[in-house]
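No value in this document is a laboratory result; all are computed from the given coordinates. Here the structure is a predicted model, which is why all the values come from computation and not from measurement. Here Cβ is always computed from backbone atoms with ideal geometry, including for glycine, and neighbour counts include all displayed protein chains.
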Ligand code: AMP
Ligand code: ZN
């Protein structure tokens, strides 16, 4: 009943209401015409044929002729009468059978059907919606984040002020709200105050605006991805809980993986005293030795977590040979890393890194290398307005002989970081052909191009989207974790009570979950124990630092926590 009323109400609003007036006028015209014809009918019958009919009979005759029913019970028998009957028939066909239905369809039926079929955007979330993630700004990072949210059954909603985008995203099956993110009413309508997290992934000024608007009524944490380093303070002042300088992080990622300088240059991240570092074998006494022969553990106490091979972290055994281009991932304290540096000796700095693309990521990579005193050559086809400190070779890196003339033959590392993946694939291929021994690290702007970049000859591909998505996911899950590569994290976890009193071997952590214990943080806060022996007894209050794939990590939590 309610829906019939609402459908009828449609005809009383806006354009439909205007059209209703036109229809009323037209019907009045038809009534006048019918009455006029009825009068003429009576007059002609009386004066031509001497027959008298009532006015009702006149209307009856007119309607049967106009609608072409023509029962034939009342007919003219004179020529003027026939002519009049023909005129009435033709005008009936025209005004009653053609114009009226056409007008009804075009003015009412078609607009009504169109209105029924038109996408009606969702403008608010139901009352009682809670613990959802609100996402402003769809991009490849968010596209990589969504499968993680889905697999962890974390509800999320995408908010966009762009009608076409709202339609597109809803067609893809996402939950979408159409509205301006900086509008307080929209924020209330999407239950921002009851949300678990808000991801503000728009421009820095828009993100500032969202934070300020939200802080007027809610304390929901907001995580933002930073565009310009100088806006970090402003975003924090506006109330952002976490500001992620993704471009800077990506620049550092790219830079750490190209340089072949000593071990200390490669600390990736740390958990308190435990540091996770990458160590390039090139130029050290370990080249062509097996891990057992290299005795890294015995000499330094450092533990080998794995070895990078074309972007994949492979488990290492004592027989694994350390090749010239191997990159070993280690865990240990800074003292242990110092000890490694003592063995490998101060490296002669023969690095020369080429950075193709001096955008925000390329500039961050250059800044990182600068601090480590690694020489580099930057190439970009245009000036970076945000950077005045770096000297840049100007030109299109894909241009004929540009890289050769810049001396790429003598380069040890190549960072390919333009904003176009086709260009990156082309440059990776050119770099590999020109200098087969150069270490190439390429940036993938889109996840789907990672494979092509490896195929083109990259030693390591860093995908903006997957690094960003991993960082965001760790923030949302409040996880303390180090992202090593897609799908492999080092994470910290307090010892599950179930495991107290057991030895590491007896805990069956690796067997049950696939995770390995990298280190143990003792209860008394003393030095972390890297690569503990299988007989080590786990005690209540200890912290575990584990390494594993995302799935293993999940299994670990499900099984033990
Ligand atoms: P961003 O996305 O901020 O890291 O910027 C990417 C940078 O790559 C921009 O500064 C572009 O000018 C640069 N770039 C894109 N294509 C080329 C190319 N063919 N040669 C040199 N630089 C390029
Ligand atoms: Zn710069």
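Remarks
- Length added when fully stretched, residue 93-residue 129, from 0.36 nm per residue minus Cα-Cα: 7.1 nm
- Measuring nothing but alpha carbons in the chain and taking Rh as the Kirkwood radius, the Rg to Rh ratio lands at 1.29.
- Mean separation of Cα contacts under 8 Å (6+ apart) over length of the chain, as relative contact order %: 9 percent
- When each of the peptides 89-102, 418-431 is scored by how many other beta carbons lie within 10 Å of its residues on average, the order from highest to lowest is 418-431, 89-102.
- Spin-label model, residue 523 to residue 437: label points 7 Å out along the Cα-to-beta-carbon direction sit 5.5 nm apart.
- Estimated FRET transfer efficiency when R0 is 45 angstrom, pair residue 164-residue 317 (beta carbons, to 0.05): 0.25
- In this label model, residue 561 and residue 69 are separated by 7.9 nm, measuring between points 7 Å along each Cα→Cβ vector.
- Calculated SAXS-style log₁₀ I(q)/I(0) at q = 0.16, 0.19, 0.33 Å⁻¹ - the stretch 506-556, Debye, Cα scatterers: -0.45, -0.63, -1.30
- Of the peptides 355-364, 232-241, the order by per-residue mean of other Cβ atoms within 10 Å, starting with the highest, comes out as 355-364, 232-241.
- If both residues of a DSSP beta bridge must be in the chain, then about 50% of such bridges are antiparallel.
- Label separation (residue 551 vs residue 16): 5.3 nm, computed from points 7 Å beyond Cα along the C-beta direction.
- FRET efficiency, 1/(1 + (r/R0)^6) with R0 60 Å, evaluated for residue 185 and residue 290 via beta carbons: 0.35
- Tensor-based shape of the stretch 177-221 (alpha-carbon gyration tensor, a/c under 1.5 rounded, otherwise prolate or oblate): rounded
- Report summary: the helix-based calculation at 222 nm, which adds -39500 (n - 2.57) for every DSSP H run with n ≥ 4 and divides by the residues of the chain, gives -12000 deg cm²/dmol.
- Rounded to 10°, Cα long-axis angle of helix 14-49 versus longest principal axis of the chain: 20 degrees
- Linear extension gain, residue 104 paired with residue 299, 0.36 nm per residue minus alpha-carbon span: 61.1 nm
- Taking the C-alpha atoms only, the angle from helix 246-256 to the longest principal axis of the chain is near 40 degrees.
- Once the Cα atoms are used to define both axes, helix 360-371 deviates from the longest principal axis of the chain by about 10 degrees.
- Modelled FRET efficiency - R0 22 Å, residue 455 with residue 143, Cβ distances, 0.05 increments: 0.50
- Straightening the chain between residue 219 and residue 511 buys 100.9 nm, computed as 0.36 nm per residue apart minus the Cα-Cα spacing.
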